[in-house]
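Worksheet: one structure, shown below.
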Amino acid sequence: GMQELSLKPRILILHGWGGSDFPHWQSWLAAELAKNGYPVYFPELPFMHTPRKKVWLQTLEEIVDSFSPDRIVCHSLANMLWFWYAKKYPQKNFEKVMLVAPPARNTDIKAIDTFFPYPKAATLSQDSIFIASTNDKYMSMEAAIELHKELNCDMKIIENGGHLNFEGGYGAWPFAYDWITA
């Protein structure tokens with residue numbers, strides 16, 4: 001019943017530049033979680049094709065206040081959003097945080113330039129994982145290893161997963177479901 005539902009962790013999924021519409025793994029994950037009774041929120045962030053850090057950060061603050069998520073799943077630019085949020089709210093603490101395929105700090109793309117260079121990275125969770133791919137065009141393996149040192153959390157390296165999006169072969173991604181629900 002309802003009581004049982006409320007015991008499951010509340011999961012917030014944050015997309016990157018341009019969104020993560022189906023068949024992206026974040027859409028798949030949101031559907032799987034909902035199907036299995038998890039309170040899940042997968043919002044479309046404003047102006048997703050021309051995102052501004054100030055607007056996304058304000059949106060995230062409102063979402064955290066209203067939805068009160070326990071666990072967070074970030075892909076791509078959402079990681080930068082999370083690092084800016086962590087800088088502003090270092091005292092916040094979440095059960096689990098999953099950081100997937102963040103772009104490198106020196107990324108130079110006009111449409112997303114307000115997010116770069118991002119501040120010192122933090123996860124805001126004792127239980128977090130950083131997932132990188134060996135051939136992500138937005139972050140070299142060297143940059144990923146540097147970022148991992150800064151984050152000081154678990155790391156999973158995927159061989160040739162590209163940017164870990166649908167183009168990289170990530171539609172259904174059982175690992176993401178298993179990790180965030182464990």
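Structure summary
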{"quantity": "Overall form of the range 104-170 per C-alpha gyration tensor (a/c, 1.5; a/b vs b/c)", "calculated": "oblate"}
{"quantity": "Of all accessible heavy-atom area on the chain, the percent that carbon and sulfur account for (1.4 Å)", "calculated": "53"}
{"quantity": "19 Å Cα-Cα reach of LYS53 towards lysines, excluding residues that sit fewer than 8 places from it in its own chain", "calculated": "LYS87, LYS88, LYS110, LYS120"}
{"quantity": "For SER133, distant residues with modelled amide H under 5 Å away", "calculated": "ILE158"}
{"quantity": "Helix-only [θ]222 nm of the chain, DSSP H runs n ≥ 4, -39500 (n - 2.57) each, per residue, nearest 500", "calculated": "-10500 deg cm²/dmol"}
{"quantity": "Alpha-carbon Rg/Rh ratio, for the chain, with Rh computed the Kirkwood way", "calculated": "0.93"}
{"quantity": "Tensor-based shape of the range 52-133 (alpha-carbon gyration tensor, a/c under 1.5 rounded, otherwise prolate or oblate)", "calculated": "oblate"}
{"quantity": "Neighbourhood net charge (12 Å Cβ-Cβ; Lys/Arg +1, Asp/Glu -1) for ARG10", "calculated": "+1"}
{"quantity": "Cα-centre dipole for the chain with unit charges at Cβ (Lys and Arg positive, Asp and Glu negative), debye to 20", "calculated": "440"}
{"quantity": "Inter-label distance, nm, simple model (7 Å from Cα along the C-beta direction), LYS110/GLN126", "calculated": "4.7"}
{"quantity": "Aspartates and glutamates whose Cα lies under 16 Å from that of LYS8, excluding same-chain neighbours fewer than 8 positions away", "calculated": "GLU32, ASP70, GLU95, ASP178"}
{"quantity": "Efficiency of FRET between ILE145 and LYS54 - r from beta-carbon atoms, R0 30 angstrom, step 0.05", "calculated": "0.50"}
{"quantity": "Prolate/oblate/rounded label for the range 1-94 (Cα gyration tensor, a/c 1.5)", "calculated": "oblate"}
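The values are calculated or read from the model by the stated rules, or taken from the named source; none is laboratory data. Fair warning: this is a prediction, and the values are worked out from it, not measured in the lab. FYI the Cβ positions are ideal-geometry reconstructions off the backbone, even for glycines, and counts take in every protein chain you see. What goes into the accessible areas is simple: the full protein's heavy atoms, side chains included, and nothing from ligands, DNA or RNA. Shrake-Rupley method; radii C 1.70, N 1.55, O 1.52, S 1.80 Å.
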